[in-house]
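The values are calculated or read from the model by the stated rules, or taken from the named source; none is laboratory data. Just so you know, these numbers come straight off a predicted model, no measurement behind them. All Cβ positions, even for glycine, are placed from backbone atoms using ideal geometry, and neighbour counts span all protein chains on display. Heavy atoms of the whole protein, side chains included, go into the accessibility calculation; ligands, DNA and RNA do not. Shrake-Rupley method; radii C 1.70, N 1.55, O 1.52, S 1.80 Å.
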Amino acid sequence: MKSMFKFPKINKLDYDAGSDIMPAYAHDFGNYVARYGMGNFQIQVIMKLDGRIDFDKLSRAVRLSVDAEPVLGCRFVEHDPPYWKRLEDIDKTEFCSMEETTNVEEAVQRFLESRLDMDHDPMVKVKLIRSQEYDTIGIKLNHTCSDGAGTKEYIHLLAHIYSCIDCENGEYVPKPSVRSREDHERVLNALGIENPELDNSVVESPRTVWPFPWKSGGSKNVTPFVICRLPAGQLDILSRYAKERGATINDLIIAAIYRAMFKLSRPPYGIPMDIGLTVDLRRYLPDNKAQAIRNFSGGVILRVPRIHGESFEGTLSRVVSVMNRKKNANPGYECASGAERAEIFIFHQFLAFSRFVSKISEILSQTSIFCSPGLSNVGLISKSLIKFGEHEVTDAYIIPPVIRAPGLMIVASSYNGILTLATGYYKGSINRKFLEKLLNKMKSELMEGCKQ
């Protein structure tokens, strides 16, 4: 049913939960503008099951998930301010599809390289890839409405709804979440930000870049991925190694990416080199959980210099020191306050500026010889095995959005004792073997450097 609401302005604080519109926030439209050439704006998940599930029940579960999380059943509207609008033909929208195959690996690759249509596709699309022995579920989430932590929430939501349908013979009706400003306000209070619109802090910018062998040209549409996985049991070894040294798994991964970049990129010794790190702002919320699936991430810049002949443990010690200083300084403060200030800007001016930046980025990507790397460790996808009814997910990993050169995003995720590193690139922008070498070098640093 269409809403009769005539949209002049959406109140920043509230909206009618029964309406087919809801406010968009700065974290949303900050990711939305990636559609204009800065990246491919989609987060993806691959999950392998121990058997075959019911496709009709999965389709029903996906459809109900966009009622449970209403933003997933919306489109982003460019307005001042921007807002979310419920899809008018939602019951005719294909959220879930199935492909039968004798080659699962090729089918997964095709799914990962297929694109979300920013203007016509919904915020979430799910594909069941069926082989003779087992099913694989692929999920695409639009980064405009969700970050990595939100993606993990969606995985659990979908599994929960499917399991409820399976138990209740399809009678399950989920309770919709409410996307409000309450999460924002709680983070501001936790960080002690009283007047965000007057706060003079700014998002920290990189000071250094890494030499990197980008190639001129590159497709605007084809985005292959490189995936590297540590063997089963290695995560337990890393956990013990980190605990003995007062570090975290995240610290180990940061040390590994620094050491891999030092060896492949060879920056000058003694110069602090920048790597961006994603920070989940849910860390400041009760139970580390937001009210609804959303973008709620910030970032910090780490600076660690290259030192000749240093051991893995030596690099790790310096990373732990840097990370402890960041943690003590409330990481994400600048992003939280900056996002609040961004919402007072005229959106169409923000959009015009973003288009300009993306055009410059596209030009630079054709001639770039340097890189600005970023790391997002989304951590454990689940502490226990995820279940779709009676069937368990035996393997799962997350694939990051692809960022145009000179940006490079590497995502780490863990499930069922296996750590996965993944990155994507625009086809033709770099030799794939170099990225494979980079991720494999991170893997070897973690395995060789953390031996007991």
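Side notes on the structure shown:
- Count of residues meeting criterion [crowded, with 24+ Cβ neighbours inside 10 Å and more than 23 Å from Tyr25 (Cα to Cα)] in the range 140-160: 1
- Test: Val279 is assigned to a strand (DSSP E or B) and either in contact with a Gly (Cβ under 7 Å, 6 or more places away or on another chain) or open to solvent by 30 Å² or more (accessible area, probe 1.4 Å) (or both): yes
- Summed over the range 161-184, the residues that are at pLDDT 95 or above and either closer than 15 Å to Met47 by Cα or touching an Asp or Glu at 6+ places or on another chain (Cβ under 6 Å) (or both) give a count of 1.
- Selection within the range 393-420: residues that are touching a Leu at 6+ places or on another chain (Cβ under 7 Å) and closer than 16 Å to Gly276 by Cα. The member of this set that is most open to solvent (accessible area, probe 1.4 Å) is Pro406.
- Residues of the range 102-127 satisfying the condition of being out of contact with any Cys (no Cβ under 7 Å at 6 or more places or on another chain), closer than 17 Å to Arg63 by Cα and in contact (Cβ under 8 Å) with a residue 60 or more places away in the chain: Val124
- When the range 394-435 is filtered for residues that are hydroxyl-bearing (Ser, Thr, Tyr), over 25 Å from Gly299 (Cα atoms) and not in a strand (DSSP E or B), only Ser429 remains.
- Within the range 204-236, the set of residues being outside any strand (DSSP E or B), hydrophobic (A, V, I, L, M, F, W, C) and touching a Cys at 6+ places or on another chain (Cβ under 9 Å) comprises Val209, Phe212.
- Strands (runs of 3 or more DSSP E) enclosed by the range 1-80 - at least 3 residues per element that are at pLDDT 95 or above, in contact with a helix residue (DSSP H, G or I) (Cβ under 7 Å, 6 or more places away or on another chain) and of a type in the set (A, V, I, L, M, F, W, C): 42-49
- In the set (1) of a type in the set (Asp, Glu); (2) without any contact (Cβ under 8 Å) to a residue 12 or more places away in the chain; (3) closer than 12 Å to Ala61 by Cβ, Glu171 fails one condition alone, (3).
- Matching entry among Val357, Val402 (being touching a residue at least 60 places away in the same chain (Cβ under 8 Å), closer than 30 Å to Leu49 by Cα and of a type in the set (A, V, I, L, M, F, W, C)): Val402
- Qualifying residue in the range 357-368 (condition: open to solvent by 60 Å² or more (accessible area, probe 1.4 Å), within 18 Å of Leu439 (Cα to Cα), at pLDDT below 95 and not small (Gly, Ala, Ser)): no
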